[in-house]
1. Being within 11 Å of ligand 1 (Cβ to nearest atom) and either on the phi > 0 side of the Ramachandran plot or assigned to a loop (DSSP other than H, G, I, E, B) (or both) is the filter here, so list the residues in region 26-37 that pass it.
2. Does region 131-143 contain at least one residue that is under 16 Å from Tyr201 (Cα atoms) and within 16 Å of ligand 2 (Cβ to nearest atom)?
3. Looking only at region 29-52, filter to residues that are out of contact with any His (no Cβ under 6 Å at 6 or more places or on another chain) and of a type in the set (S, T, N, Q); which one of those is surrounded by the most Cβ atoms within 10 Å (Cβ to Cβ)?
4. Scan the strands (runs of 3 or more DSSP E) fully inside region 50-134 and keep the ones with 1 or more residues being in contact with a Leu (Cβ under 8 Å, 6 or more places away or on another chain), closer than 23 Å to Thr249 by Cβ and among the acidic types (Asp, Glu).
5. Just checking, which of Leu200, Leu215 is without any contact (Cβ under 8 Å) to a residue 60 or more places away in the chain, of a type outside the set (Asp, Glu) and either outside any helix (DSSP H, G or I) or in contact with an Asp or Glu (Cβ under 8 Å, 6 or more places away or on another chain) (or both)?
6. State the number of residues belonging to region 259-271 that are in contact with a helix residue (DSSP H, G or I) (Cβ under 7 Å, 6 or more places away or on another chain) and surrounded by fewer than 21 Cβ atoms within 10 Å (Cβ to Cβ).
7. Counting only residues that are within 26 Å of Gly212 (Cβ to Cβ) and either charged (D, E, K, R) or touching a Gly at 6+ places or on another chain (Cβ under 7 Å) (or both), how many does region 247-269 have?
8. Mind listing just one residue for me: the one in region 219-257 that is within 16 Å of ligand 2 (Cβ to nearest atom) and closer than 19 Å to Arg286 by Cα and, of those, surrounded by the most Cβ atoms within 10 Å (Cβ to Cβ)?
Amino acid sequence: MTRTAAGPAAQPAVDGAPEPDRDLPLDSHLHTTLSPDSDVLIDLFCAAAVERSIPEIAVTDHVDFDPRYPAYDFATYRDRERQVREAAEAWAEHGLAVRFGVEVTYERRHEAEIRNWLARHPHDFVIGSVHIGPDSPYRLENVGAWVAGRSLMSIVEPYFAEVRGAAASGLFDTVGHIDFVKRYLHPLVTAADFAAAPELYDPILRALVDTGTALEVNTSGLRQAPAETYPPPSVVERYRELGGGAVTTGSDAHRIESFAHGLGAGYRMIREAGFEAVAFRRGGERVAVRIAHAEGVPNRSPVRSL
Ligand SMILES: [Zn+2]
Ligand SMILES: [Zn+2]
């Protein structure tokens, strides 16, 4: 299907959202055609960002370390970097900053390899996330048998143990969608079941706090079965209570119509949890991108070091 650049007709509201989100400082989680599961040319994201007065985006295509995963050897570092740097140059005159990010699939057994690779392949911004692999109990063909007769704690443990590992590794600017497993467990285990067991999240949140790693508020859950962000607002508040000081947010769009989807809600949630800025990195040290207190967040956010 042909997809066109930004414009009202090309930016349909999805999932009942009355208006596309706009006038926000940053979308820090996006996938282009250099991810195996996205069909979005980078220039379409750039055009949509300019159209929506979103002055900065991070392109975070997938990199996998298990040869059986789809983004293993899918795109080279060189090709990913060239794509982003060329777009950054082309779109700078429109007032858009395009950052070179990556979303690494984390598993504890690949940690040393990931550490070595990241040291040799610099990025502006690095997300570490746990995905559902070929052996996962959460795959559609396995999940029913996995859930039957188990407690919620033992149901989520294989996923949460890897997320704890990602948080404790200290390798990432942020850990992506920490309870993404909700998508695969739905409707056998619901968002309400997770909400009734907030203690499940504490070890992950403590590991993030201990390593100074940011918590991501991933808004893709708003357009998926759980119908809430990964993680939900109560978990963002708990992270802050535990001393967490850095939060990021992104739409995790793999389709142009998902660009910045739910991002306004993500920023509001972060603000309501008591944060005045989101964490980001543009290469170098972490920076804070301030969230204004008005409903429409201005697009020229002052930046300061955290
Ligand atoms: Zn992901
Ligand atoms: Zn992603």
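1. Step one: list which residues in region 26-37 are within 11 Å of ligand 1 (Cβ to nearest atom), which gives 29, 31, 35, 37.
Of everything in region 26-37, those that are within 11 Å of ligand 1 (Cβ to nearest atom) and either on the phi > 0 side of the Ramachandran plot or assigned to a loop (DSSP other than H, G, I, E, B) (or both) turn out to be His31, Ser35, Asp37.
2. Of region 131-143, the ones under 16 Å from Tyr201 (Cα atoms) are none.
For region 131-143, residues under 16 Å from Tyr201 (Cα atoms) and within 16 Å of ligand 2 (Cβ to nearest atom): absent.
3. Taking region 29-52 first, the residues out of contact with any His (no Cβ under 6 Å at 6 or more places or on another chain) are 29-30, 32-34, 36, 39-49, 51-52.
Those left that are additionally of a type in the set (S, T, N, Q): 32-33.
Working: Thr32: 23, Thr33: 14.
Step by step, filter region 29-52, then rank; the result is Thr32.
4. Values: elements: 56-59, 97-105, 125-129.
Passing ranges, in order: 56-59.
5. On the way: Leu200 fails: either outside any helix (DSSP H, G or I) or in contact with an Asp or Glu (Cβ under 8 Å, 6 or more places away or on another chain) (or both).
Unique residue meeting the criteria: Leu215.
6. Within region 259-271, the first condition is being in contact with a helix residue (DSSP H, G or I) (Cβ under 7 Å, 6 or more places away or on another chain), and the residues that meet it are 259, 261-263, 265-266, 269-270.
Pick out the ones that are also surrounded by fewer than 21 Cβ atoms within 10 Å (Cβ to Cβ) and you get 265.
Adding up the residues that qualify gives 1.
7. Result for region 247-269: 4.
8. Only one residue fits best here, namely Thr249.
The values are calculated or read from the model by the stated rules, or taken from the named source; none is laboratory data. These numbers come from a predicted model, not from an experiment. All Cβ positions, even for glycine, are placed from backbone atoms using ideal geometry, and neighbour counts span all protein chains on display.
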